[in-house]
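Worksheet: one structure, shown below.
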Amino acid sequence: MKNLSEQINWQKQFENRKWKRITQSIELALLTLMTFTVIGVIFIYGNGTKFQPVFIGFSIVLACSTACLIPLFFKGYTFNRWQVFVITLGLGCGAAITALAALLMLELQLLTG
C-alpha cells in the first residue's frame, strides 16, 4: 500500500499508459453520444415550451465541450491524472443530470398534455 505522499505524487504525474488514455477517450466519446442522444430525444418529443431551448442549448454546450476534450485526453500530457479524474467526473455528472432532467421534463409534458 502506498503512503499518502506517494499517492499524491502519482496523481500529479501525466498519464503515460496508452491503454488508460484510450479508455478515458472512449469514456468521453460515450458521454458525448449520450448527451447528443438526449438532445435528439428532447428535440423530437419535446413540446416546445420556454424551457426546451435553454435545455437543448446547455446540452449542446456540454456535448461539444466533452467532444473537444477527447483528443487532449488521448495525448495524455495535457492534464495530470487528478485533473482527468475531476473533468471526467464533472462531465459525467453533468450528462447524467441532463438525462434525468430530460426524463422529468418529458414526463411532466405527458402529465399536463
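Quick note: the coordinates plus some simple rules give every number you see, no bench work behind them. Since this is a predicted model, take the numbers as computed values, not measurements. Reconstructed Cβ throughout: ideal geometry from the backbone, glycine too, with neighbour counts over all protein chains shown.
Okay, here's what the table says:
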quantity: Cα long-axis angle, helix 81-112 against the chain (0 to 90 degrees, to the nearest 10); calculated: 10 degrees
quantity: Principal-axis tilt of helix 51-75 within the chain, Cα atoms, nearest 10 degrees; calculated: 20 degrees
quantity: Linear extension gain, Ile22 paired with Leu110, 0.36 nm per residue minus alpha-carbon span; calculated: 27.6 nm
quantity: About the Cα centre, charge dipole magnitude for segment 1-56 (Lys/Arg +1, Asp/Glu -1 at Cβ), debye; calculated: 160 debye
quantity: Given [x] 152, 23, 10; [y] 58, 27, 19; [z] 39, 36, 21, the label whose value is Cα extents along the principal axes in Å derived from this model; calculated: [y]
quantity: Trypsin sites (Lys or Arg not before Pro) lying in DSSP loop within segment 21-113, provided at most 13 other Cβ fall within 10 Å; calculated: Lys50
quantity: Relative contact order of the chain, defined on C-alpha pairs under 8 angstrom at six or more residues apart (%); calculated: 40 percent
quantity: Degrees between helix 18-45 axis and first principal axis of the chain (Cα, 0 to 90, nearest 10); calculated: 10 degrees
quantity: Summed side-chain charge close to Lys75 - residues other than Lys75 whose Cβ falls under 12 Å, Lys, Arg +1, Asp, Glu -1; calculated: +1
quantity: Student exercise, the chain dipole from Lys, Arg, Asp, Glu Cβ charges, in Debye to nearest 20; calculated: 480 debye
